[in-house]
Amino acid sequence: MGSMSSGDVLALPVRMHGIGLGRSVELIVDVAVRRVLGFEVRCGDDTHRFLPLAAAHVRDGEIAIGSPLILLDELAFYRARGHGLGALRGARVANAGGEAGTLRDVVFDDDGAIRELVVATPGGERRVSPGADVRVLTRASAA
């Protein structure tokens, strides 16, 4: 599919061979390494599970997977290594030039690499390349 944002993938059905298994409800992002790790999926049994991005194929209005066994129960493990994008929204984004704005979204490739941060500024939204000098100031990094 190329690059995408959270708006392209959140709430999409997760299916295996056309059979609905759940819906994506959150992106799990590791801002330190500038990657989307995967999706939090609310499954049909109302359990939230982790779906690694590497095991998913976003296409034709769905997130396709090859086996339900890749929906992992260890969501807390992945949340400890990353952040839900929803929790990061509104975080300050700074670079060598100072504050760039507040985080709204991420644009990422199929492999999970974050290409751009979408930030809100007083003048409107803008896109910032996630270079080495760019920091998303999460609660943990601000402490």
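Looking only at the range 5-22, filter to residues that are open to solvent by 30 Å² or more (accessible area, probe 1.4 Å) and in a strand (DSSP E or B); which one of those is farthest from ASP105 (Cα to Cα)? Here the answer is ILE19. Cβ-Cβ contacts under 7 Å between residues 6 or more apart (or on different chains), taken from a first residue in the range 14-27 that is in contact (Cβ under 8 Å) with a residue 12 or more places away in the chain and under 16 Å from LEU69 (Cβ atoms) to a second residue that is among the small types (Gly, Ala, Ser) and surrounded by fewer than 14 Cβ atoms within 10 Å (Cβ to Cβ), are listed as MET16/GLY66; MET16/SER67; LEU21/GLY44; GLY22/GLY44.
Residues in the range 8-66 that are acidic (Asp, Glu) and on the phi > 0 side of the Ramachandran plot: ASP46, ASP60. Restricting the range 31-44 to residues that are of a type outside the set (Lys, Arg) and at pLDDT below 95, the residue that is nearest to ILE65 (Cα to Cα) is GLY44. The single condition among (1) closer than 21 Å to MET4 by Cβ; (2) in contact with a helix residue (DSSP H, G or I) (Cβ under 9 Å, 6 or more places away or on another chain); (3) not small (Gly, Ala, Ser) that LEU117 does not satisfy is (2).
Among residues of the range 80-98 that are within 16 Å of SER129 (Cα to Cα), those with a Cβ under 6 angstrom from a residue that is in a loop (DSSP other than H, G, I, E, B) and among the aliphatic types (A, V, I, L, M), sequence gap 6+ or separate chain, pair up as ASN95/VAL134. Within the range 63-79, the set of residues being in contact (Cβ under 8 Å) with a residue 40 or more places away in the chain and not charged (D, E, K, R) comprises ILE63, ALA64, ILE65, GLY66, SER67, PRO68, LEU71, TYR78. Where helices (runs of 4 or more DSSP H) fall entirely within the range 59-143, those with at least 2 residues that are surrounded by 13 or more Cβ atoms within 10 Å (Cβ to Cβ) and under 15 Å from the mean Cα position of the chain (by Cα) are at 75-81, 85-88. For the range 23-39, the criterion of a residue being surrounded by fewer than 19 Cβ atoms within 10 Å (Cβ to Cβ) and over 15 Å from the mean Cα position of the chain (by Cα) is satisfied by no position.
The set of residues in the range 40-58 being in a strand (DSSP E or B) and open to solvent by 40 Å² or more (accessible area, probe 1.4 Å) consists of ARG42, HIS48, ARG49, HIS57.
The values are calculated or read from the model by the stated rules, or taken from the named source; none is laboratory data. Everything quoted here is computed from the prediction, not taken from an experiment. Please note: Cβ atoms are built from the backbone with ideal geometry, for glycine as well, and neighbour counts cover all protein chains shown. The protein model used for the area step is the full one, side chains on, heavy atoms only, and it has no ligands, DNA or RNA in it. Shrake-Rupley method; radii C 1.70, N 1.55, O 1.52, S 1.80 Å.
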